[in-house]
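Trainee: Here it is, the structure, as structure tokens.
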Amino acid sequence: MPEGHSVHRIARQFDRNVVGRRVAASSPQGRFTEGAALIDGREAVEVRAVGKQMFLAFEGELWLRVHLGMYGAWDFAGEILVDPTIASANGRMGQTNQRGTDLGDAVLDAAGENSLSSIGAPRRARGRVRMSEQTRGLADDDEDFPPPVVGQVRLRLLTEVTCADLRGPTACELQTPDEVQATIAKLGPDPLVDDVAAGEERFVSVVRRKPTPIGLLLMDQNVVSGIGNVYRAELLYRALLDPHTPGKLVPEELVRAIWRDWARLLRIGVETGQMMTMDDLDPEAYRRAMASRDDRHWVYHRAGLPCRVCGTEIVLEEMGARKLYWCPSCQK
């Protein structure tokens, strides 16, 4: 499931490629035909990301709410305008298959993703936006535009130069402004949306009165927005906190430290496109970490391997119907 940094990056891609343009909307799959008809021909005027949800506004006060869930993905094609200040919001898109391009000091992971910087735009490209580490499906520069519909496309948004196809989302619906506000009001604070200090107070207030294990609270989008399985495991390890500790028993200063750490890691994720959770790496170690998930996390996906600090075997268990990785020695 895409975590908060991926959704913020996708929203940035929509802001650069779709907002301010009139959109042709259709539902090739047929499951969103009525909704697509309502926004067809309207101009996209605003996009927001809150946690794991994206909200795209159209003229006439209609909002499209999308939650990708476990299997959802956006595919972009056409002219992909990449923000030159951050890595491409869709991973490999806009850099691979650009013949003769000098990538310079770029660091590529196993999927060929440039994790450090974009190489400029506009250009003709196609790629899947799902999780920053799972980009797929690039096409050659000379592919016809718009591309043919492939697979079960719930919603196609088409401008004169860019195409965005949505597949497999958990939620795809139209909302009024009041419904959008009601949806957002139910979500926990997002460090990139809410006032950081106010968000910290909300987070601390909720966690400190809950008997629920902190490992579950961090995954509860009503408590804090955007944290998924990877960030949960890494935040808990970085705090040296037992995932089973009831929220109300976690010292207040530690709860505050977790919030501040989340705010920092989320910004790093948006800037680099990677869930980088290890600090103070030398340049070569940093390049390895950007190129391989195995070198960028403390405990996630390391079940049975020795803890990087104490050597204890990393434990894998199920918590909240999701896999939890943690070190029983460091996280006492």
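The values are calculated or read from the model by the stated rules, or taken from the named source; none is laboratory data. None of the values given here were measured: they were computed from a predicted structure. All Cβ positions, even for glycine, are placed from backbone atoms using ideal geometry, and neighbour counts span all protein chains on display.
Trainee: How many residues does segment 246-263 hold that are under 21 Å from Cys327 (Cβ atoms), surrounded by fewer than 19 Cβ atoms within 10 Å (Cβ to Cβ) and not aliphatic (A, V, I, L, M)? Reasoning before the result, please.
Mentor: First, pick out the residues of segment 246-263 that are under 21 Å from Cys327 (Cβ atoms): 246-247, 249-251, 254-255, 257-258, 261-262.
With the extra rule that they be surrounded by fewer than 19 Cβ atoms within 10 Å (Cβ to Cβ), the set shrinks to 246, 249, 251, 254, 257, 261.
Subset that is not aliphatic (A, V, I, L, M): 246, 251, 261.
Residues flagged as under 21 Å from Cys327 (Cβ atoms), surrounded by fewer than 19 Cβ atoms within 10 Å (Cβ to Cβ) and not aliphatic (A, V, I, L, M) within segment 246-263 amount to 3.
Trainee: Also: Can you tell me which of (1) under 17 Å from the mean Cα position of the chain (by Cα); (2) at pLDDT below 95; (3) not charged (D, E, K, R) is the one Val149 doesn't meet?
Mentor: Among (1) under 17 Å from the mean Cα position of the chain (by Cα); (2) at pLDDT below 95; (3) not charged (D, E, K, R), Val149 violates only (1).
Trainee: May I pose another question? What residue, among those in segment 152-173 that are part of a strand (DSSP E or B) and either of a type in the set (A, V, I, L, M) or within 15 Å of Val7 (Cβ to Cβ) (or both), is farthest from the chain's Cα centre (by Cα)? If you could, list the steps in order and put the result at the bottom.
Mentor: Restricting attention to segment 152-173, the residues satisfying the condition of being part of a strand (DSSP E or B) are 153-158, 162-167, 171-173.
Next cut, either of a type in the set (A, V, I, L, M) or within 15 Å of Val7 (Cβ to Cβ) (or both) only: 153, 155, 157-158, 164, 166, 171-172.
Working: Val153: 20, Leu155: 20, Leu157: 20, Leu158: 22, Ala164: 17, Leu166: 15, Ala171: 16, Cys172: 17 Å.
The residue in question is Leu158.
Trainee: Would you confirm whether or not segment 280-295 contains a residue that is in a loop (DSSP other than H, G, I, E, B), assigned by TED's automatic domain parsing to the domain that holds Ile227, among the charged types (D, E, K, R) and within 30 Å of Asp195 (Cβ to Cβ)? Lay out the reasoning, then the answer.
Mentor: In the first step, residues of segment 280-295 are kept if they are in a loop (DSSP other than H, G, I, E, B); the result is 280-282, 292.
Of the ones still in play, those that are also assigned by TED's automatic domain parsing to the domain that holds Ile227 are 280-282, 292.
Checking which are among the charged types (D, E, K, R) leaves us with 280, 282.
Now narrow it down to the ones that are within 30 Å of Asp195 (Cβ to Cβ): 280.
Yes, segment 280-295 has at least one match.
Trainee: For a quick check of your reading: which helices (runs of 4 or more DSSP H) sit entirely within segment 185-243 and have at least 3 residues that are free of Cβ contacts under 8 Å to residues at least 24 places away in the same chain? So that I can check it myself, show each step before the final result.
Mentor: On the way: elements: 196-207, 214-217, 229-238.
In segment 185-243, the matching helices (runs of 4 or more DSSP H) lie at 196-207.
Residues are listed down the side, and each one gets a yes or a no for (1) modelled with pLDDT of 95 or more; (2) in the same structural domain as Cys307 (by TED's automatic domain parsing); (3) out of contact with any strand residue (DSSP E or B) (no Cβ under 7 Å at 6 or more places or on another chain); (4) of a type in the set (Phe, Trp, Tyr):
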position: Gly199; (1), (2), (3), (4): yes, yes, yes, no
position: Arg202; (1), (2), (3), (4): yes, yes, yes, no
position: Ser205; (1), (2), (3), (4): yes, yes, yes, no
position: Pro213; (1), (2), (3), (4): yes, yes, no, no
position: Leu216; (1), (2), (3), (4): yes, yes, no, no
position: Asn222; (1), (2), (3), (4): yes, yes, yes, no
position: Tyr237; (1), (2), (3), (4): yes, yes, no, yes
position: Pro246; (1), (2), (3), (4): yes, yes, no, no
position: Leu249; (1), (2), (3), (4): yes, yes, yes, no
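Trainee: I'd like to know if segment 35-56 contains one or more residues that are among the basic types (Lys, Arg), at pLDDT 90 or above and surrounded by fewer than 17 Cβ atoms within 10 Å (Cβ to Cβ).
Mentor: We begin by selecting, within segment 35-56, every residue among the basic types (Lys, Arg); these are 42, 48, 52.
Filter again for at pLDDT 90 or above, leaving 42, 48, 52.
If we keep only those that are surrounded by fewer than 17 Cβ atoms within 10 Å (Cβ to Cβ) as well, we get 42.
For segment 35-56, residues among the basic types (Lys, Arg), at pLDDT 90 or above and surrounded by fewer than 17 Cβ atoms within 10 Å (Cβ to Cβ): present.
Trainee: Just give me the residues in segment 296-315 being loosely packed, with under 15 Cβ neighbours inside 10 Å and out of contact with any Cys (no Cβ under 8 Å at 6 or more places or on another chain), in sequence order.
Mentor: Once the filter is applied, which keeps residues that are loosely packed, with under 15 Cβ neighbours inside 10 Å and out of contact with any Cys (no Cβ under 8 Å at 6 or more places or on another chain), segment 296-315 yields Gly304, Leu305, Pro306, Gly311.
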